[in-house]
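A.B. asks: What follows is a structure written as structure tokens; I'll ask about it next.
Throughout, read-outs are computed from the coordinates displayed, never taken from laboratory work. A quick note: this is a predicted structure, and the numbers were derived from the prediction, not measured.
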Amino acid sequence: MLDFKCTCPNCLNKGYIWYAQNDRVFWIEIPKNGSSSIKKSSSWSIKDKKPPHSLLKIPDKKIMQEERINAFVMLRDPHSRFKSLIKFYFIEKGGRWQKGMKYAKSKERIQKEIDLGPDNFLNFLANSRNHLQIHHFNSQTYFIENFMNRIKDAHKAKNKVINLNYVILSKKETFPHFWKEMGRIKSSSSVDESFYQQNIDFFQNFVEKFYRDDIELYEKVLRSEK
């Protein structure tokens, strides 16, 4: 399970667990898994803006001590998610392209790091310090385990029923009712195909090596949907 220790405000203070009060469910936010679309387009939003804390908020201790914990998490094909992460920081027009370039200095530097292989690229990411919000590259299983650990910490020795529902990004029919009006999720998954094809072995090898737990979970959930 890939677990970058991040010191950004989100990781130190807020975390990535939300509670939709109106629907009485937790949502585990995973970067690059449709999170922005969920916030803006679900029934939790108002006028396409980030939902106010009265509708979607960080769970307090009292809420986390409910007898039955209902939670949702959006899963994404690990290969598509990694492509999206690379575009986000290192491909022109990506959401944080400028921050990625400030760290990498040049496209040639990125290509050089990729050519040195997955292990080297992992170190390249880890050394980014404050340039990248490195938690973005954590595995999906990391965010799920973080949620489970927070629930356990809040409940101490008490036994609680945790109903964790998996939703597949590419399967709208698996969305809960409060996400049905989202429409098409805006995705930044498409990496410049020439860049991807040129480095296809790197993309596949990185995911196979560092997101193995995500692959196993994703495939398990897919099988259960059949």
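A.B. asks: Aspartates and glutamates within cross-link reach of Lys107: Cα-Cα under 18 Å, excluding same-chain residues under 8 positions apart?
C.D. replies: Glu92, Asp115, Asp192, Glu193
A.B. asks: Could you tell me, in Å, what Rg and Dmax come out for the Cα atoms of the stretch 79-168?
C.D. replies: Reported Rg and Dmax, both Å: 17.3, 54.
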